[in-house]
1. Which residue is nearest to F93 (Cα to Cα), if the candidates are limited to the range 7-41 and must be assigned to a loop (DSSP other than H, G, I, E, B) and modelled with pLDDT of 90 or more?
2. Mind listing whichever residues of the range 82-112 are in contact (Cβ under 8 Å) with a residue 60 or more places away in the chain and more than 12 Å from the chain's Cα centre (by Cα)?
3. For the range 42-59, check the following and say yes or no: at least one residue is at pLDDT 70 or above, of a type outside the set (F, W, Y), closer than 18 Å to D106 by Cβ and loosely packed, with under 10 Cβ neighbours inside 10 Å.
4. For the range 91-112: of the residues being charged (D, E, K, R) and more than 15 Å from G32 (Cβ to Cβ), which is surrounded by the fewest Cβ atoms within 10 Å (Cβ to Cβ)?
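The values are calculated or read from the model by the stated rules, or taken from the named source; none is laboratory data. All figures in this text were calculated on a predicted structure; none of them were measured in a lab. Every residue, glycine as well, gets a Cβ built from its backbone with ideal geometry; the counts of neighbours run over all protein chains shown.
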Amino acid sequence: MIVKKIAIFVLCFSVISCSTTYYAPPPRKHPGFTKDNVLKLKQGMTTNEVISLFGQPDKTSVRAYGYYTDSGGWQGLEYNYVFNIYVSNRLVFKLAYDPPLLNHWDIVKTWD
C-alpha cells in the first residue's frame, strides 16, 4: 500500500514538473516601434528614413487614394508592419515623388 502511494506521488510530481517547464516567449516583432520612434515620424520622410526607424515592412502594396475627390486622387505605397492577425501599423507614401514621401500613417501598436 505504501509503495502504491509513493508511486502515485512520484507520477503526480513528474506530471506537474513537466507541465510547468519554462516557456520563453518569442522575440518581439518590430522592436523599432517605440513611442520615441513614432514621434519622429514627419510628413515628407523618405522610405529609407522610415526603414531606418522601423526596419523592413512585412507587406507592401500600391493603392489609389482620394479617387472621388476634386483633385482626382493619387497613388500611394503602403508599408504594413504586421504584429498579429488583428494588429498592424500602416504607413502610406505618395508615389508622385522620387523617392516616395510619407503622407500619412496609422500606428496602433508600440512597445512602450
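1. Selected residue: L41.
2. L102, N103, H104, W105, D112
3. yes
4. Looking at the filtered set, the residue picked out is D98.
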